[in-house]
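**Q** Take a look at this one; I'll ask things after.
The values are calculated or read from the model by the stated rules, or taken from the named source; none is laboratory data. In this text the structure is predicted, and so the values were computed from the model without any measurement. All Cβ positions, glycine included, derive from the backbone under ideal geometry; neighbour counts span all protein chains shown. Please note that ligands, DNA and RNA were not included when accessible areas were found on the heavy atoms of the full protein model with its side chains. Shrake-Rupley method; radii C 1.70, N 1.55, O 1.52, S 1.80 Å.
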Amino acid sequence: MGLHEWSLGGVLLSPMAAYAVLALLLTGVLRLGLQRVGLSRWIWHEALFDCALYVCVLAAVIAALTH
């Protein structure tokens, strides 16, 4: 598995934090795209959709960056 800590000035940082921030940014871009195209009006519960989309994007980011 590719999740190894990064040493930054003697402090160990988890790559999961960077993956989470990257997934958050990508989720925001996807949501903006959905709003511009007009597909966001078909979303019944936006908070649940945002959470599910974030989890899916986070899983994709981890899968893409650890292999």
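**Q** Being exposed (fewer than 12 other Cβ atoms within 10 Å of the Cβ) and either modelled with pLDDT of 95 or more or among the aliphatic types (A, V, I, L, M) (or both) is the filter here, so list the residues in the stretch 53-67 that pass it.
**A** A63, A64 - these are the residues of the stretch 53-67 that are exposed (fewer than 12 other Cβ atoms within 10 Å of the Cβ) and either modelled with pLDDT of 95 or more or among the aliphatic types (A, V, I, L, M) (or both).
**Q** For the stretch 26-48, how many residues are hydrophobic (A, V, I, L, M, F, W, C), open to solvent by less than 80 Å² (accessible area, probe 1.4 Å) and closer than 22 Å to A64 by Cβ?
**A** Number satisfying all stated conditions: 2.
**Q** Then there's this: Does I43 meet the test of being without any contact (Cβ under 8 Å) to a residue 12 or more places away in the chain and at negative phi? Reasoning before the result, please.
**A** Values: without any contact (Cβ under 8 Å) to a residue 12 or more places away in the chain: yes; at negative phi: yes.
The answer is yes for I43.
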